[in-house]
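The values are calculated or read from the model by the stated rules, or taken from the named source; none is laboratory data. As the structure is a prediction and not an experimental result, all values here were calculated from the model. For neighbour counting, all protein chains shown are included, and Cβ atoms are generated from backbone atoms with ideal geometry for every residue, glycine included. Quick note on the areas: whole protein, heavy atoms, side chains included, nothing else; ligands and nucleic acids left out. Shrake-Rupley method; radii C 1.70, N 1.55, O 1.52, S 1.80 Å.
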Amino acid sequence: MAEGPSILVIGPRWVGDMVMAQTLFIALKELHPDAAIDVMAPAWAAPLVGRMPEVRARIDAPFSRNKLELGLRWRTGRALKNRYDQAFVMQGSWKSALVPFFAGIPRRTGHRREMRYGLVNDIVPLPEHLKRKTAQAFFGLAGGGSFQPPRLSVDAANQQAQLARHGLTKGSFAALMPGAEFGPAKRWPSEQYADFARRLLAEGLQVALFGSANDRPVTSEIAALAPGAVDLAGSTRLEDAIDLLASARLALSNDSGLMHVAAAVGTPVVAVYGSTSPKNTPPLSERRELVWLGLDCSPCHKRICPLGHLDCLNKLDVDRVFAAAQRLMQASP
């Protein structure tokens, strides 16, 4: 039996995008069951990529985000020479296509984007209506197969250890993810999150706040306004967050990377949208509620509200979000 193709994927640089990238990996394995898929990604992505059974290995992408680092990319590419039959460049930048080119990979697949003719020699058209639909755009690179949502594996032993460490009970707590690396125009206000948390606590559910160390100012504010909520921001590794989110009865999140993680481990998700649209990057799960006011000024896709009022989130009342959460919890066992 002939071996399947050896494939190098230049992966995305954001948590949510990396989760959605699994739609491509699944499709590639469907088309080529014996394919060996390696993903070049930053070190932070190792726990996430490690939960994707389609991926053989992660290769470190040691590059700075805003630097060309041509020599480093050349050396990295040359070290991979004669190892791969095809590369998929998931990022849109010109420089992200350099490593497969330097590696001499014969077929280099990607969208056109930053005038990458030659660097990318297998250009996949990206229709205008898909440019912000990240998961569908990633899946389209495969050129076939069936679109399937991301499904991250869970480490049961680590899950139990993390639940015990933080005093949480599986299926009896809600996970709140109030941060958003993109900017404040994606963040439902802390006061609303705190009100939501107090309502859950009053109904006997535990509440855990998730996020990175950068989210601590937000999560600590919410924890102060909702006594009893457990603030885990910055105190869990990414793999711990994956396993804990898989234990939650419900997740409430802004449009963020952890929203996609929660959906990918099968947790019911209430997703709150402001400056972005749920039509573009929804949690890829049937167990979801999408809450969005759909004002005339949104989606603006800005980091900070250009009008200065942030009505798309400030006017989103807790009653509406809590009703969505109740529908999900009633529908879930």
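Kindly provide the set of residues from the stretch 280-307 that are open to solvent by 70 Å² or more (accessible area, probe 1.4 Å), of a type outside the set (A, V, I, L, M) and assigned to a loop (DSSP other than H, G, I, E, B), ordered by number.
Residues satisfying the conditions are 286, 287, 296, 302, 303, 306.
Being surrounded by 12 or more Cβ atoms within 10 Å (Cβ to Cβ) and more than 15 Å from residue 166 (Cα to Cα) is the filter here; which residues of the stretch 198-210 pass it? Even if it seems obvious, please write down each step before you answer.
Within the stretch 198-210, the subset surrounded by 12 or more Cβ atoms within 10 Å (Cβ to Cβ) is 198-201, 205-210.
Across the stretch 198-210, the qualifying residues are 198, 199, 200, 201.
Residue 198 fails exactly one of the following numbered conditions: (1) more than 20 Å from residue 259 (Cα to Cα); (2) not in a helix (DSSP H, G or I). What is the number of that condition?
(2)
Can you give me the number of residues within the stretch 112-147 that are among the hydrophobic types (A, V, I, L, M, F, W, C) and either more than 20 Å from residue 281 (Cβ to Cβ) or not in a loop (DSSP other than H, G, I, E, B) (or both)?
Let us first name the residues in the stretch 112-147 that are among the hydrophobic types (A, V, I, L, M, F, W, C), namely 115, 119-120, 123-124, 126, 130, 135, 137-139, 141-142, 147.
Add one more test, that the residue is either more than 20 Å from residue 281 (Cβ to Cβ) or not in a loop (DSSP other than H, G, I, E, B) (or both), and what stays is 115, 119-120, 123, 130, 135, 137-139.
Final tally of qualifying residues: 9.
How many of the residues in the stretch 244-263 are under 15 Å from the mean Cα position of the chain (by Cα), over 28 Å from residue 304 (Cα atoms) and either outside any loop (DSSP other than H, G, I, E, B) or not hydrophobic (A, V, I, L, M, F, W, C) (or both)? Step through it out loud before you land on a result.
First, pick out the residues of the stretch 244-263 that are under 15 Å from the mean Cα position of the chain (by Cα): 245-246, 251-263.
This time we only want the ones that are over 28 Å from residue 304 (Cα atoms), so: 245-246.
Of the ones still in play, those that are also either outside any loop (DSSP other than H, G, I, E, B) or not hydrophobic (A, V, I, L, M, F, W, C) (or both) are 245.
Summing the residues that are under 15 Å from the mean Cα position of the chain (by Cα), over 28 Å from residue 304 (Cα atoms) and either outside any loop (DSSP other than H, G, I, E, B) or not hydrophobic (A, V, I, L, M, F, W, C) (or both) in the stretch 244-263 gives 1.
Return the residues of the stretch 55-91 that are among the acidic types (Asp, Glu) and in contact with a strand residue (DSSP E or B) (Cβ under 6 Å, 6 or more places away or on another chain); say none if nothing qualifies. It would help to see each step written out before you state the result.
Of the stretch 55-91, the ones among the acidic types (Asp, Glu) are 60, 69, 85.
Within the stretch 55-91, 85 is the sole residue that qualifies.
Taking the criterion of being acidic (Asp, Glu) and more than 21 Å from residue 253 (Cβ to Cβ), would at least one residue in the stretch 15-26 satisfy it?
There is no residue in the stretch 15-26 that is acidic (Asp, Glu) and more than 21 Å from residue 253 (Cβ to Cβ).
Pairs only if they're at least six apart or on different chains, beta carbon under 8 angstrom, first in the stretch 140-163 and over 25 Å from residue 107 (Cβ atoms), second open to solvent by 50 Å² or more (accessible area, probe 1.4 Å) and not in a helix (DSSP H, G or I); list them, first residue then second.
Cβ pairs passing all conditions: 153/53; 159/170; 163/169; 163/170.
What strands (runs of 3 or more DSSP E) lie completely within the stretch 1-108 and have 2 or more residues being among the charged types (D, E, K, R) and open to solvent by 40 Å² or more (accessible area, probe 1.4 Å)?
Hits in the stretch 1-108: 57-60.
Any residue at all in the stretch 222-243 that's hydrophobic (A, V, I, L, M, F, W, C), more than 17 Å from residue 168 (Cβ to Cβ) and in a loop (DSSP other than H, G, I, E, B)?
Within the stretch 222-243, none of the residues are hydrophobic (A, V, I, L, M, F, W, C), more than 17 Å from residue 168 (Cβ to Cβ) and in a loop (DSSP other than H, G, I, E, B).
In the stretch 148-172, which residue that is over 17 Å from the mean Cα position of the chain (by Cα) and part of a loop (DSSP other than H, G, I, E, B) is surrounded by the fewest Cβ atoms within 10 Å (Cβ to Cβ)? Please lay out each step first, then the result.
Filtering the stretch 148-172 down to residues over 17 Å from the mean Cα position of the chain (by Cα) leaves 155-172.
With the extra rule that they be part of a loop (DSSP other than H, G, I, E, B), the set shrinks to 155, 167-172.
Numbers: 155: 17, 167: 10, 168: 20, 169: 12, 170: 13, 171: 12, 172: 13.
Filtering first and then ranking leaves 167.
Quickly run through the stretch 240-290 and pick out the residues that are under 29 Å from residue 300 (Cβ atoms), acidic (Asp, Glu) and in contact with a helix residue (DSSP H, G or I) (Cβ under 6 Å, 6 or more places away or on another chain).
255, 289
Being within 19 Å of the chain's Cα centre (by Cα) and free of Cβ contacts under 8 Å to residues at least 60 places away in the same chain is the filter here; which residues of the stretch 302-332 pass it?
none
Does the stretch 270-279 hold any residues that are under 18 Å from residue 181 (Cβ atoms) and part of a strand (DSSP E or B), and which are they?
271, 272, listed by residue number.
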